[in-house]
Amino acid sequence: MLCTDGQQLLRQVLHPEASRKNLVLPDTFFSFYDLRREFHVQHPSARPARELTVATMAQDLGLETDATEDDFGVWEVKTMVAVILHLLEGPSGQLFSKAEVVKQKYETGPCSKADVVDSETVVRARGLPWQSSDQDVARFFKGLNIARGGVALCLNAQGRRNGEALIRFVDSEQRDLALQRHKHHMGVRYIEVYKATGEEFVKIAGGTSLEVARFLSREDQVILRLRGLPFSAGPADVLGFLGPECPVTGGADGLLFVRHPDGRPTGDAFALFACEELAQAALRRHKGILGKRYIELFRSTAAEVQQVLNRYASSPLLPALTAPLLPIPFPLAAGTGRDCVRLRGLPYTATIEDILSFLGEAAADIRPHGVHMVLNQQGRPSGDAFIQMTSAERALAAAQRCHKKVMKERYVEVVPCSTEEMSRVLMGGTLGRSGMSPPPCKLPCLSPPTYATFQATPTLIPAETAALYPSSALLPAARVPAAPTPVAYYPGPATQLYMNYTAYYPSPPVSPTTVGYLTTPPAALASASTSVLSQPGALVRMQGVPYTAGMKDLLSVFQAYQLAPDDYTSLVPVGDPPRTVLQAPKEWVCL
């Protein structure tokens, strides 16, 4: 049995260096007695164990030491022997009864939200390679005893690893030794190690799901994460994808599929493997094809399983967005009756004509202004749409008739919902640096160009902006646009107005001049062609236009604003010679 002068040399030097050089140490080096701690047990009135040395222990016991014998620490060893023999002759029977242990292998395990974690045992490691696993983190802290399931890799908002991890040790002494590895290297990267709290660890690694607890209850299992699975994939498909050469522990019971709160699959799953060799064989299937999709495989941890499940379990079915920041052209009828249907999983190229064809006879029961497309944060189709029906019975009938019908090789889910639920998605807004702005309108126009003019709503103008304009320019008279040629978008009984809404900006129903935009300032009128700008209208300046942009590119930006054909001549390129405050090279003035 080894007896050492403290734990530093064994835990902080021998084991990390052996791990770095892939050396296998004998079992003798995984248990030892700490002479300083044993001395402190018998002589508690002496100085703290951390401050003890071989010389001070011999001095406290009245032993003579000969430091002149400087032959690679021979005198220290002889002095340690004298101290040990003196301690064994003492009256205490608790000496050398409990050896210090160095764990040979990191043990995985679950953590509950109800667990109480001592903040004096937790550290945060920052700067980890994104592909590192919990075993890599445990190897970085080789020689120190990490608690069971004590490595929690942190994920970012997109569910990917952010290079940080929380590590829980068995006691505060191990935590203090871990802090000494600040800026030690893992491969070519140095790792920063800081103190953390128990609450942070439980927030990351804790969970409440019984299904996850059962999944993680199997000990000594290697966890892999599968990402990008087809939504229709089941346990048999995943087991067939992995193949018989890398069997999953327990078959289908060793798979955990991640789902939304309403039961929809997310495309993620976790699998258990009995040993490292089987996990390595499964990792060779990385980016293999299942159906028409390639599947990504990564090493995972119990804490990552909890984080992913917690993230999806806590997300609402319909995200609660903020109240609209702009005037809505027409109000949505309030109510909690389920008189609407939600279309989920639409092809990104789907248009209103495709939706009406998909609904079939149910299209005749759609309310006026009742078709609402939803865009994502980039202004692109999200695959969702809301339809307002004339009654809850019609909505239920449409859902039963059209649920999981196929549109362009994709099955579409049709579920009833209430107007209030729909409003949470449709009536949100986002505020950027330049205020409220619409998403880039690169899509085909979804609203028919025939409509009635709505009453203009005054726009709130900041005081510093209002000072730049005369008072007469701030209250413009609404201009009725020229009536364009009607386009038949819908069948006979459904020839109504259908507006497309997004979750970030409600599309204007008429020309921008009727929604409270500013009239043309006199300075801008004087700098452009008077033959065009002399017409009553409003001026919109576009900055940052590409130098190669043409008339068609500019018209695509304003598609949602329903410019009439005779308004296309209102796009005027701003020339270089006469410039005012509102002008810059390559800008366009739009009326």
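The values are calculated or read from the model by the stated rules, or taken from the named source; none is laboratory data. Quick caveat, the model's predicted, so the values are computed rather than measured. A quick note on method: Cβ atoms are made from the backbone with ideal geometry, for glycine too, and the neighbour counts reach across all protein chains shown. Just the protein is used for accessible areas: all its heavy atoms, side chains included, with ligands, DNA and RNA removed. Shrake-Rupley method; radii C 1.70, N 1.55, O 1.52, S 1.80 Å.
Observations on the structure shown:
- Check on V406, of a type outside the set (D, E) and surrounded by 19 or more Cβ atoms within 10 Å (Cβ to Cβ): no
- Scope the stretch 1-37; condition of a type in the set (D, E) and either without any contact (Cβ under 8 Å) to a residue 40 or more places away in the chain or open to solvent by 40 Å² or more (accessible area, probe 1.4 Å) (or both); matching residues: D5, E17, D27
- Qualifying residues in the stretch 361-380 (those that are open to solvent by less than 50 Å² (accessible area, probe 1.4 Å) and part of a strand (DSSP E or B)) - the one nearest to A398 (Cα to Cα): I366
- Of all the residues in the stretch 109-141, those that are within 14 Å of M186 (Cβ to Cβ) and open to solvent by 50 Å² or more (accessible area, probe 1.4 Å) number 6.
- Of all residues in the stretch 383-398, those satisfying the criterion of being free of Cβ contacts under 8 Å to residues at least 40 places away in the same chain and open to solvent by 10 Å² or more (accessible area, probe 1.4 Å) are E393, A397.
- Whenever a residue of the stretch 339-360 is within 18 Å of L396 (Cα to Cα), its partners that are open to solvent by 20 Å² or more (accessible area, probe 1.4 Å) and in a strand (DSSP E or B), lying with C-beta atoms within less than 6 angstrom and at least six residues away or across chains, give the pairs V341/P416; R342/V415; R344/D384; R344/E413.
- Condition met for R311 (surrounded by 14 or more Cβ atoms within 10 Å (Cβ to Cβ) and either farther than 17 Å from A213 by Cα or not β-branched (V, I, T) (or both)): yes
- Contact map, the stretch 91-104: residues that are within 19 Å of V170 (Cβ to Cβ) paired with residues that are modelled with pLDDT under 80 and open to solvent by 100 Å² or more (accessible area, probe 1.4 Å), Cβ distance under 7 Å, separation 6+ or inter-chain. No pairs are found.
- With respect to the conditions (1) assigned to a helix (DSSP H, G or I); (2) of a type outside the set (S, T, N, Q); (3) modelled with pLDDT under 85; (4) open to solvent by 70 Å² or more (accessible area, probe 1.4 Å), D66 falls short on a single one, namely (1).
- Among residues of the stretch 143-168, those that are under 21 Å from G267 (Cβ atoms), surrounded by fewer than 24 Cβ atoms within 10 Å (Cβ to Cβ) and of a type outside the set (S, T, N, Q), counted: 5
- Of all the residues in the stretch 303-357, those that are β-branched (V, I, T), farther than 18 Å from Q158 by Cα and modelled with pLDDT of 80 or more number 5.
- Among residues of the stretch 130-143, those that are part of a loop (DSSP other than H, G, I, E, B) and either of a type in the set (G, A, S) or out of contact with any strand residue (DSSP E or B) (no Cβ under 6 Å at 6 or more places or on another chain) (or both), counted: 6
- Some residue of the stretch 73-80 being at positive phi, surrounded by 11 or more Cβ atoms within 10 Å (Cβ to Cβ), part of a loop (DSSP other than H, G, I, E, B) and in contact with a Phe, Trp or Tyr (Cβ under 8 Å, 6 or more places away or on another chain): no
- Test: residue in the stretch 163-176 that is touching a Ser or Thr at 6+ places or on another chain (Cβ under 6 Å), among the charged types (D, E, K, R), part of a strand (DSSP E or B) and touching a residue at least 40 places away in the same chain (Cβ under 8 Å): yes
- Whichever residue in the stretch 108-128 is within 12 Å of F169 (Cα to Cα) and in contact (Cβ under 8 Å) with a residue 60 or more places away in the chain and, among such residues, is nearest to the chain's Cα centre (by Cα): R124
- Taken over the stretch 24-53, the residue count meeting the criterion of being in a loop (DSSP other than H, G, I, E, B) and over 17 Å from V13 (Cα atoms) is 8.
- Residue that is touching a Leu at 6+ places or on another chain (Cβ under 7 Å) and modelled with pLDDT of 85 or more, where the choices are V83, V101, V77: V83
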